[in-house]
Structure formats: C-alpha cells, structure tokens
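So the structure is just underneath, and the comments pick up after that.
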Amino acid sequence: MLKTLGAQVGEFKKDSFLTPVFMVLEVLMETIIPLMMASIIDNGVEAGSIRHIFFMGFMMIVAAGFSLFAGAMGGRYGARASTGFARNLRRTMYENIQTFSFSNIDRFSTAGLVTRLTTDVTNLQNAYQMILRMCVRAPISLVCAMFMAFFISPRLATIYLIAVVILGVILAFLTVKAHHYFSQVFPKYDDLNASVQENVSAIRVVKAYVREDYEKKKFTDASKSLYHMFIKAESVIAFNSPVMQITVYSCIIAISWLGAKMIVGGTLTTGEMMSLLTYCMNIMMSLMMLSMIFVMITMSIASAQRICEVINETSDITNPAHPEYTVADGSIEFSHVTFRYNQNSAKPVLDDITLSIKAGETIGIIGGTGSSKSSLVNLISRLYDVSDGAILVGGKDVRSYDLDTLRNQVAVVLQNNVLFSGTIYENLRWGDKNATDEECRRACRLACADEFIERFPDGYDTYIEQGGTNVSGGQKQRLCIARALLKKPKILILDDSTSAVDTATDAKIRRAFAEEIPDTTRLIIAQRISSVQNADRIIVLNNGVLDGFGTHEELLATNEIYRDVYESQTQGSGDFDEGGAA
Amino acid sequence: MPAGTQNAKPVHGPGPRGPRGPRPRIKNPGKLIARLMRYTLKNYAVHWLIVILCIVVTVLASVQGTLFMQTLIDEYILPLIKQADPDFSGLAAAIRRVAVFYLAGAVAAYGHTRIMATVSQGTMRRLRNDLFTHMEELPVRYFDTHSHGDIMSTYTNDIDTLRQMISQSIPQFLNSTITIISVFISMVMLNIPLTLLTLAMVGVTLFSTKKIGGLSSKYFVAQQKDLAAVNGYIEEMVSGQKVVKVFTHEEESLRRFNELNDQLFASADNANKFANILMPVNAQIGNISYVLCAIVGGILALNGFGGFTLGGLASFLSFNKSFGMPVNQLSMQINSIVMALAGSERVFAMLDEKPEADNGYVTLVRAKKENGRLVETAERTGLWAWKHTHQADGSVDYVELTGDVVFDDVDFGYVPEKTVLHNVDLFATPGQKIAFVGSTGAGKTTITNLINRFYDIQDGKIRYDGININKIKKDDLRHSLGIVLQDTHLFTATVMENIRYGKLDATDEEVIAAAKLANADTFIQQLPDGYQTMLTGDGANLSQGQRQLLAIARAAIADPPVLILDEATSSIDTRTEKIVQNGMDKLMAGRTTFVIAHRLSTVRNSDCIVVLEQGRVIERGNHDKLIEKRGKYYQLYTGNLAEE
C-alpha cells in the first residue's frame, strides 16, 4: 500500500522532503529560545546587565524570525505537497477508472467510486499534511526538549523521563481503548443514518402502513444504544486532559521543590529553572501530539486502502497486442458462448449459445425478467468477455479488434442510459465529435426526437440537466437512440430502449430504421411483442438458454414461451402508456 | 508556568473545512442563539452549571500555579539563598497548598469533560430523536418538495456541526473567556506597563490574523467552489461511466477532469498555504511579545520600578504566553459557532415544519353483528366498522366497512396555481376492480395519492362508505387501504420481517402464506438464507421484479378491504404476472381494488376502466364497451394511434 501511495507523490517529492526539514528547523529554533530566556534572567536581570538583556533579547528576536521563516516555509511546502498529492491521487484513480471494464465498475459500484474519489482523497490529503508537518516535528521536539533539559540538569531531567514514560503508556492505553470503542460506534452511526435515509425514501410505505410509531420506536432504540456507546468511548477520552494535567503539575511541583533546593545550594540558576519548566510543556505537548497523529493515521488507513484498491485494479478487458482496426460488416456469430459474471458461480448466466446473424438483419430479442437478454448483447461490443466460446463480428473474434474500433462500430443504447449536463447538441456529439448540425438533426429525425426538441424554446441548444432530469423518460430514450445513431455503426443494439416511448412512436422509429439505415444490423430487446414481431428473426431466451430463434410465424407455431407471451399481450400493443409522447 | 492543554501552542493543520472558510449568512442570529441555548439547557441546566464551575476551577488552578512562580522566587528562593542555614519548611507548606489546588484543577478538568460528554451526546440523542419523530409526522408533500439529499444532510452535517459546537466550541469559548479575564487581572496585578505591552502585541496578532486569514479565506472560497466542481464532475461522469465506455469517450472525459483537478489543486494549494502560514506567524508574534516583555520587564526588575521583582517577571512571562492563545482561540471558536448556527437554522427549520394535520374523528373498529345491528367488539371477527361519533350530541353510529369509494367532482393540484385533476367523478362499489389507464402525467398516481390522503383535495368530495374521508382519522383510513407503489421500497431487515411489515403480529406461517400468494415463495426459498436472508440497501441484491413480488406479499398480509396497485407488476414479466394475478384475484374477491397499469393484460378483466387524459376522465366502462366505443381506449389498445 505504501508503495502505491508513495508513487503518487510524483513531482511533489521536493516539497514532501522540504516540509519536514523546515519543521525540524522550526523546532530547533524554538528549543533555543527558552535557553536564551534563561540567560536573560541569570546574566541580565540577576547580574544587573542591561546590555546583556538587550543583546540576548535581540538574539531571541532573530531566532523567532528564523523560526517564523522555517514555520512559514514548512507550511507552504506542506500545503503544496499535500494538495499536490491529492491531485495526483484523484488523477491516477480517474485515469484508471477510464480503463475499467463493466465488470470492474460493477465490482466497485458507482457510489463506491465516487466516495473514493472525493471523501477518501480528502482524508488522505489531511493525513499526509499531518504526517509531513507533525510526524517529524513532534518526536524531534520531544527529543530536543529532553536533550536540553538534560543539558541543564540531568538530575531534574530524569523526572521528565519518568513522566514521559508514564504519560506515554497511559496515553497509548487510552488512545487504543478509545479507538477500539470509536471503531465500533462509527459503523453504528452510519447504520442509523442509513435507516433515516431509508425512511425518507420509503416514507410513502411507512405512512401507507401507518408504521410511524413503529419506525419511531426502532429509531429511538437505535439512537439510545448509540448514545450509550458514544458515552462509553468519550468517558475514556475524558481521562486524557486530567492525566495530562496531573503529569504536568507533578513535574512543576517536583521541579519547584527540587529546583528551589538546587538554586539555594548553588547548582542551578533561576533562569535555568524557568527554561526547564518551558521544556516540560514542550515535552508533554509533543506526546499529546503523537497520540493525536496515531488516531489520525489509523482513521485514514481505511481510506488509503480503498484508494489503493482503485489504483491497483487492472481492467480485465484490454486491447489485443496486434489489434484489427476495421470491421468488415455487421454480421454476428455466437459460437458455444457461455458467460458468468462471477467465475465461481455454478450456474452460467448464458449457457452454450450458438447462433448467427447476417449483416443488415433486424433481430428481436425477447424473454422474461432475468433471462439474460442484456448479458447476451453486452458481449458483442466486449463490455464483458465471454467465459467460454467465442463471438465473431464481421467474421473475426471480437477479442482481436481494437476496443475503440469495435465499440464505434457496435453502438449500444443501454437499458439504464444517461444524458450528461450540456446542450442537446453537445449530448448528441458524444456519438460523433465532428457531426454537423444537419447530421445531428437527421439522427433526431430518425429517432423521432425532432418533434419534441423543436417544441423546446431553445431547440437543439436546450440545456440538459445532469442525469437528464428535465426531459421525460421517453424523450431521454429517444435522445439516447439519436446519440447512438450518430456513430453510424455497423451494428445497433437497443436494450429495452423504447419502453417509455408510446407504441405508435416506437413503430415509427422502427420504420425509419428500415428505410434509412437498412444495412445496419439491428438488435432490439423488448418486453412488448409489438416491438419485435416484425423483425426478420426473433431470439427467445429463457434462463440463459436459447429457447427459440426464428420468424414471428415460426415461433408462434413452435415456441411455447413465445406463444405464451404473445397471448398474454394479444392483439395490438398491449400497452397503454404513451410515455414520453405526453 | 502555564498548565493544561488549553494553553498549548496550536500545531494542527487546517481540516477539510478550515475555520476560516466562508461565513454563512444568518438571519436573526440573536433569536437563533436564544433558541439553541434553550434547547441545550433543557434537561441539562444543572450539568451546564457544574461544567462552568469546573472550568472556573481548572482555570484558577492554572493561574494560581503561575502566580506561585513569583512567590517561589521572591519569597523563598531569593531570601533562602542569602541564609546560611536555609529552612525549607515554609516552602514545603506552600508547595503542598499549590499541589492541592492543582489536584482540584485536574479533578475539575475530568469533571467537565466527562459531564460534557453526557451533555453533548444527550443533546444529540434528543435532537436526533426529535428530528426523526417529527419527520415521521410530516406530510408526504414535505418529502416530495425537499430533496432527500438535503434532508439527509440535516441529519449528518448539520447535527455534526452542532455536536462540535456543543462539545468543543462552547466549552473552549467559556474556557478562553475565563482564562482571558483571570490572566488579564493577574497581569494587571503584577505590572501595568507590561500588560499594556502584551495587549498591544495581541492587537498585532489579531491584525495579522485578519490579514492572512482574509487571504486564506478568499482562497478557501475558491477552493470550495473548485472542489464542488470536481466532485460534481466525478459524480456525473462516474455515474455515466458505462455510457462513457460505450461511446469510447474516455479521453475527453479525462481531459476535462484534469482541467478541473488542476484548478482545484491551485486554489487548494493557496488556501492551505495561507492557513498554514498563519500558525507560525502568530506563534512568533507571541514569541516576540514574550521577548519584548522579557527585555522591558528585565529592565524594570533590575531597577525595581514599582516594586517589580524577578519572581514577578517570571510569573508575568508565563502569563504573557498563556494570554495570546485564548484570544486566538476565541476568534476561531466564533467562526465555528457561526457555522453551527447555520446548521441549527436548518435543523430548526425542519422541526418547525407543520406536521400532517388530522381533524378526523371517525375511527375504525372491529365489529360483529348482533340482531342485525353492528356492535363494537374486541374479537377478531373479520368484520370492521367505522365508528362515527356525532359532535353535536355525542351519539355513536356504526357503519360497516365495505370499500365503497366515491369521487364527487374532485379538483386537485399539487400547487394551487396548477390544477392536475379536473372535475373527477368516480364510483367504486364494494368488490369492484377499477383500472386507470392513460399517458404519463394524466393523473393516475395522483388519484391514489388522494384516496389515502397523502394529499388533500382542493374542491369536491371523496366519500368512503358514505363518509367524507376528511372526517376519518388518517391512521384508520390508511389501515383500511392496502397500497403497492410504483417504486418498491424495502427495509434493511430479513425477508420475513419485510413482509411482516404489513402486519406486525403476523406469524411465520402467515408470512409464508402471503409470499406464496404473491408467487414470491419460490425465489425466496432460493435465497442463501431463505426467509431469513438479510436485505440491505433497499433490497439491492434482488431484481426489480422480485422486489415487486415482496411488496405485493407485504400488502397481501395486511389483508386490507381496499387495495391500490400502482404499476405494482410493471417489472414482472407477463407470464409470472398471470400467476400473481390469479393469487391476487383470490385475495381480492369481494374487495375493492384500484389498479394503475400500462399493460393491457393487467387491466383487461377490470369491472370498470377509467381513461384519463390531462387530469380529466374522458372514457369509462368495461373492456368490451370501450372497444365497441372505438374511442381513445380503442386507439391505445390496438396501437392504431397517430397516422392510421
């Protein structure tokens, strides 16, 4: 993990190196200042030398100046190193995500990736800054102060050494214990928030079943147990400051008593005693700081792990060594294709599928929920790779093509499709960067999207909100089809892409395809029989197995599932929803 | 010497949300603070009093320790040096006194942190409970008009800033204030000119804080903006990552990301740089103040001006160190208190939302028939009655619950300006199956929102068994209706518990029977732990169709007299639907059902099909009648719309 993260420091190595260097410089200056103070008291005030007071005072200001310079530089480089580190982390992760295959994306989930790119990076940025600035500073400050204390009076400094050991042990104990409690309480806290989230989104269910009181009780019980856990954890933390105070106070009292005796005995000066007391504070504070660093680092370890997972993930679909850059035609051939999402699962999602589709054919695909219709088509453009068997496009194995070439020739309109924030033109040009306005409008005409776009006040310059929230489901689907058409693909796959479009428009789109892009192979997945019955041939899938493949009439005569579906929908469209047309 | 953690030099880097971030604007802060104080003081007034006392003791213990330096040097060390045979018994007694004070300080420090834990966690608990119980009472309209992200952020971010304020900012604020006052008094007692010098240097610190902090704050605003841009872009692109892949758009996506990321780096670098520089600058101004006091104080002590002694100087120098810190802290605490106020404003806004109003007085009771008359009973008779207590004379009427629903000239709009239902008339006699068809936005779902009073109608009347539904207690009204919604929601619990949600006292056998009825039993059996399988994340491990089957089972177990199915089978394939339908028909025999669906097969066998268009009923009748009529239904049904 450290190696992965270390590589992300990149061009900020110099900053990462200079930060602790300047922090050490700052610590050294701050260690000298109390010593000069002692000199002012002893050789200045007690000895009655104003000259010495001025001289030492001047030196102290110089030291303060140095310290200021070092501290500021440390802060400057620390800021650069940590924010730069964060930038590199984000960039590397984002770059790697671009290479992810669908199964890589599925493994992390969208929400998981977003958290890693945002919250986790921020956590690491803060931890890194802390490490650079404090991890070196605190122990050095402790050592320096201890060294100076020994330099002044080995006898008195021994008290500090004992105090450090005792305080160190107690702090370590408290920190570990508190961390233990907190690591239990935070997941509970997340659960509580998750249950609020659940209630917010399911409020209609709660209210419909009149379960408000039930939910309230569930929540207050959870919040009660959370309260007790928090109290338990914080009771441990509450010992921190009194333990610290008692240690410091004990040192002060011991130094006052023993110091006074030594001063009277002539083995210590007043000024030296005062510097000793200052060092006491430095030592104890450094210790406190170390325990804080420990907590901070342990908290960010989880983030670091999550980030490394993304950085180290390798895409399971990569370009072949000597890729093909041209797709001959739109023919598709499945040869004994078996597919599993998870290599370990016993039952394959697709089982031994063999079929062949000619270029320019229109193929309907039908089957119940979970019959693996989407899985079948997703294999064609290598969104997933087959587990067994092979798929040929244009007569060659899909795995021999350059990925970009293949995906540009095989356009898929996904089931869960997404529009991006930007104008309609901008969204359409995802299909073809260089498409002219005229080409965009033609694609929209084919997808029957022109009618509603032209009714928008801004027409094709209408701004689409993130996720396409300002267009209806049916409008969104038609825009997505138009976007895919602009690729001018050899194969066009529509994965339930007209489900929110009314039957009449659906038919119109299919007719336009037949007239305008007859050479393009079309694969149409649909729930409605009417969407597929006019296709050249229809694939019937059932639980990942090819149950039938033929024309409407053939299937009606021979295929039981097809007949069943047909009868349950009978005549006409079997669908009342005009969807996006409204 | 200074003691206690609060006098430590601040050596921590700025957090993600630096204390010098942009200050939110707050209307009427005085009122808000007063309300917040009332809220935190409630139940914990005595605790707070003890906390304040403890803080005073802690601070005084530290101050007396510092003052002791003077006594130690002037009254013991210096005189003792001159004695031939020094007697340390006086010093021993003095140190014992100091030790007692110190001990009291440490105990008080424990006391206040421990009590504060109770106070802050207790207040948080109450706040969470108050928020949640109040939220459960809010009308559906609230959830429809507020983004769920915003509601969640009240529970997480806003409550968190409040916790920080109560557990950290306020105690530190008190601590700083008390320290400043007592240190200031002690300094004035020790030496007035040096006090003035210290004050002047604190002024310099505040000035530099304002200058550098101002710069830093400027960049923090920029950083927040750039961060929002980067996060927004990540959110959008990663959500659409599969589309990015399909369109081989990776390079463009990366290019724009790098631009935004570099911009964020630039502003974050600057923001952190100035925040980091502020710390050493203030520390060194403090050191310089210390040195200046040492020089001036040294000269004063040397000449014995105004009886100023070496011991006095030693004590004063310690105070000088412990004075700058709290002043700086105070300005930081004020920032985080302002942040917390903004959070509390949102929390209170939610608490101030009006709960769902319910003026109903007609209740639902179990009943039995005695001599042809309905009588209330505790037995489970399967017979229900509306108990109608007349307000005028207190007499009680019982009306049998049958499921007769009538809409009489109903107008409704989610906002007053935009009516979505116009003059809707509807009558469903007990046992009928009524289907609504029509395009998206025709008002189908709206009608179901009105029957169970998620929303109240503007004009007209809805009658349930002849009773205006406004007179029925909402809880009782909803108990009598079963509803399966378009969006299925499941809870984090086992499959068993999820189904049981419809009837909390249902036995396992009843749950399984309901699951069988909904044809969910087969797939549940195949889950890793069967009925005991934990569902998480709204049933994320189930398919949409399976989730719908569970929702139907949940409604089935509730066994309501009236059932509303809003696209309840839309994700179930047509063959499975047929099986579910058979079970449902059995269940709903003799009961009223409202069905919304866009599938022909779902609605064809309804007793009455209502065709809606733009909030108006345009056709009604059974399937055969409507086909005969050759109107809108016929068009939709045959798909021969548009040009033919």
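Some points to look at:
- Residue in the stretch A:311-329 that is crowded, with 20+ Cβ neighbours inside 10 Å, in contact with a Gly (Cβ under 7 Å, 6 or more places away or on another chain) and in a loop (DSSP other than H, G, I, E, B) present: yes
- Some residue of the stretch A:61-72 being among the β-branched types (V, I, T), more than 17 Å from B:Y290 (Cα to Cα) and within 7 Å of chain B (Cβ to nearest Cβ): no
- Listed by first and then second residue, the pairs with beta-carbon distance under 8 Å, at least 6 apart or on different chains, first residue in the stretch A:77-91 and on the phi > 0 side of the Ramachandran plot and outside any helix (DSSP H, G or I), second of a type outside the set (F, W, Y) and crowded, with 24+ Cβ neighbours inside 10 Å, form an empty list.
- Taken over the stretch B:235-244, the criterion of being part of a helix (DSSP H, G or I) and either surrounded by fewer than 20 Cβ atoms within 10 Å (Cβ to Cβ) or at the interface with chain A (Cβ under 7 Å from one of its Cβ atoms) (or both) is satisfied by B:E235, B:E236, B:V238, B:S239, B:Q241, B:K242, B:V243.
- Scan of the stretch A:244-267 for residues that are farther than 26 Å from A:A138 by Cβ and at the interface with chain B (Cβ under 7 Å from one of its Cβ atoms), ordered by number: A:S256, A:W257, A:A260, A:K261, A:I263, A:V264
- All positions within the stretch A:533-560 that are within 14 Å of chain B (Cβ to nearest Cβ) and in contact with a His (Cβ under 8 Å, 6 or more places away or on another chain): A:Q533, A:N534
- Only one entry of A:S183, A:S223 meets the criterion of being more than 29 Å from B:S89 (Cβ to Cβ) and either in contact (Cβ under 8 Å) with a residue 12 or more places away in the chain or in contact with a His (Cβ under 6 Å, 6 or more places away or on another chain) (or both), and that entry is A:S223.
- Screening the candidates B:N287, B:N270, B:N276 for the property of being part of a helix (DSSP H, G or I), closer than 19 Å to A:F22 by Cβ, of a type outside the set (G, A, S) and more than 7 Å from chain A (Cβ to nearest Cβ) yields one hit, B:N270.
- Leading residue by the ranking (modelled with the lowest pLDDT) among those in the stretch A:484-499 that are crowded, with 21+ Cβ neighbours inside 10 Å and more than 16 Å from A:I365 (Cβ to Cβ): A:K487
- Odd one out for B:E577 among (1) facing another protein chain (nearest Cβ under 10 Å); (2) within 35 Å of the chain's Cα centre (by Cα); (3) closer than 30 Å to A:S371 by Cα: (2)
- Residue check for A:K373: surrounded by fewer than 20 Cβ atoms within 10 Å (Cβ to Cβ), on the phi < 0 side of the Ramachandran plot and touching a residue at least 24 places away in the same chain (Cβ under 8 Å): no
- Of all residues in the stretch A:295-311, those that are within 14 Å of A:I97 (Cβ to Cβ) have Cβ atoms under 6 Å from Cβ atoms of residues that are charged (D, E, K, R) and part of a helix (DSSP H, G or I), 6 or more apart or on another chain, in A:R306/A:R116; A:R306/A:D120; A:I307/A:R116; A:I307/A:D120; A:V310/A:R116.
- Pairs where the first residue, in the stretch B:227-254, is on the phi > 0 side of the Ramachandran plot and the second is crowded, with 18+ Cβ neighbours inside 10 Å, C-beta under 9 Å, 6+ apart: B:T248/A:L403; B:T248/A:R407; B:T248/A:N408
- Of all the numbered requirements in (1) surrounded by fewer than 22 Cβ atoms within 10 Å (Cβ to Cβ); (2) more than 18 Å from A:S39 (Cα to Cα), B:M279 misses one, and that requirement is (1).
- Residue among B:G403, B:G360 that is surrounded by fewer than 19 Cβ atoms within 10 Å (Cβ to Cβ), within 16 Å of B:N452 (Cα to Cα) and touching a residue at least 40 places away in the same chain (Cβ under 8 Å): B:G360
- Scan of the stretch B:581-624 for residues that are acidic (D, E) and farther than 22 Å from B:K516 by Cα, ordered by number: B:D607, B:E613, B:E619, B:D624
- The residue of the stretch A:73-89 that is nearest to B:G298 (Cα to Cα), among those that are more than 8 Å from chain B (Cβ to nearest Cβ) and either of a type in the set (A, V, I, L, M) or surrounded by fewer than 24 Cβ atoms within 10 Å (Cβ to Cβ) (or both), is A:M73.
- Filtering the stretch A:534-554 to residues that are closer than 12 Å to A:I365 by Cα and either outside any loop (DSSP other than H, G, I, E, B) or modelled with pLDDT under 85 (or both) leaves A:R537, A:I538, A:I539, A:V540, A:L541, A:N542, A:L546, A:D547, A:G548, A:F549, A:G550, A:H552.
- Matching residues, the stretch A:465-488, being more than 11 Å from chain B (Cβ to nearest Cβ) and of a type outside the set (D, E, K, R): A:T469, A:N470, A:V471, A:Q477, A:L479, A:I481, A:A482, A:L485
- Restricting attention to the stretch B:413-426 and to residues that are outside any loop (DSSP other than H, G, I, E, B) and out of contact with any Asp or Glu (no Cβ under 8 Å at 6 or more places or on another chain), the residue that is nearest to B:L477 (Cα to Cα) turns out to be B:L426.
- If you go through the stretch A:90-100 and pick out every residue that is over 24 Å from B:A268 (Cα atoms) and either buried (at least 20 other Cβ atoms within 10 Å of the Cβ) or of a type in the set (V, I, T) (or both), you end up with 2.
- Looking across the stretch B:95-114 at every residue that is among the aliphatic types (A, V, I, L, M) and facing another protein chain (nearest Cβ under 9 Å), the one that is nearest to the chain's Cα centre (by Cα) is identified as B:A109.
- For the stretch A:286-326, the set of residues classified as under 19 Å from the mean Cα position of the chain (by Cα) and closer than 20 Å to A:L383 by Cα consists of A:V310, A:E313, A:T314, A:S315, listed by residue number.
- Residues (farther than 17 Å from B:H47 by Cα and within 7 Å of chain A (Cβ to nearest Cβ)) located in the stretch B:115-134: B:R128, B:N129, B:F132, B:T133
- Output for the stretch B:183-196, where each listed residue is crowded, with 19+ Cβ neighbours inside 10 Å and assigned to a helix (DSSP H, G or I): B:V183, B:S186, B:M187, B:L190, B:L194, B:T195
Rundown of residues vs (1) facing chain B (nearest Cβ under 8 Å); (2) under 44 Å from the mean Cα position of the chain (by Cα), yes/no style:
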site	(1), (2)
A:A194	yes, yes
A:K218	no, yes
A:P242	yes, yes
A:T269	no, no
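- Of the set (1) surrounded by fewer than 20 Cβ atoms within 10 Å (Cβ to Cβ); (2) at pLDDT 85 or above; (3) among the charged types (D, E, K, R), all apply to A:D190 but (2).
- When residues of the stretch A:101-116 are limited to those that are facing chain B (nearest Cβ under 7 Å) and touching a residue at least 60 places away in the same chain (Cβ under 8 Å), the one surrounded by the fewest Cβ atoms within 10 Å (Cβ to Cβ): A:F102
The values are calculated or read from the model by the stated rules, or taken from the named source; none is laboratory data. Predicted model only: the values in this text are computed from it and were never measured. Here the Cβ is made from the backbone with ideal geometry for all residues, glycine too, and neighbour counts use every protein chain on show.
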